[in-house]
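Read the structure below first, then the notes.
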Amino acid sequence: MGTSSSAAQLASKLGRAARGIEGATRDGVREAGIVSKAIFVESLPTRSMSGAGRRGGVKLGATFRNPSSKTNPTTIVKYTGPVHLLNNATKRHVIGGRGLRVAKSGRKLSGKKALAFNGVVRGSVNHPGTKGQKFAGAAIRKAAAASAAQVRMAEVRALRRVF
């Protein structure tokens, strides 16, 4: 810490700084993953979806992978659950029973099981489509900006420990 009185001391400090910055980059990437996960979860319009999945209630969230390499640390942040159903728009389409195919004319071609909704049994159902909320793109941009700042802060902390 402080002023170096010889070239050997300066060389020692530079070596410690190089080792510290390598570990600090990994720590910064991990912190960036934590912050990005929080941004992804914050951007979700809801934390659960009813009527989706086999049991009817599905939780939505985000996860990240810890960096494993010191030389080139990376992390992957991604949504968990059927977030794509909220984010992306879908067109109108026909939902058929298992094994059911519907021709463009609307005529049933084959089918093994019919669909039942509210006690009414039908061979196929017309889905009206969804608009999509388009929140993921903004979350990715916000997380990318915050990630660079997290890595930079971790590297500055490492340099301040040495100098």
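The values are calculated or read from the model by the stated rules, or taken from the named source; none is laboratory data. What you are looking at is a predicted structure, and each value in this text was computed from that prediction instead of being measured. Note: ideal-geometry Cβ built from the backbone for every residue, glycine included; neighbour counts use all protein chains shown.
A few points about this structure:
- Restricted to the range 129-163, and to residues there that are among the β-branched types (Val, Ile, Thr), outside any strand (DSSP E or B) and touching a residue at least 24 places away in the same chain (Cβ under 8 Å), the residue that is farthest from residue 78 (Cα to Cα) is 162.
- Of the residues 57, 33, the single one that is out of contact with any helix residue (DSSP H, G or I) (no Cβ under 7 Å at 6 or more places or on another chain) and surrounded by 13 or more Cβ atoms within 10 Å (Cβ to Cβ) is 33.
- Complete set of residues in the range 78-94 that are in contact (Cβ under 8 Å) with a residue 24 or more places away in the chain and either in a helix (DSSP H, G or I) or exposed (fewer than 12 other Cβ atoms within 10 Å of the Cβ) (or both): 83, 85, 86, 87, 89, 91, 92
- Failed item in (1) farther than 30 Å from residue 23 by Cα; (2) modelled with pLDDT of 90 or more; (3) part of a loop (DSSP other than H, G, I, E, B), with residue 112 passing the rest: (2)
- Hey, residue 98 at pLDDT 75 or above and charged (D, E, K, R) or not: no
- From the options 62, 52, residue that is surrounded by 13 or more Cβ atoms within 10 Å (Cβ to Cβ), in contact with a helix residue (DSSP H, G or I) (Cβ under 7 Å, 6 or more places away or on another chain) and modelled with pLDDT under 90: 52
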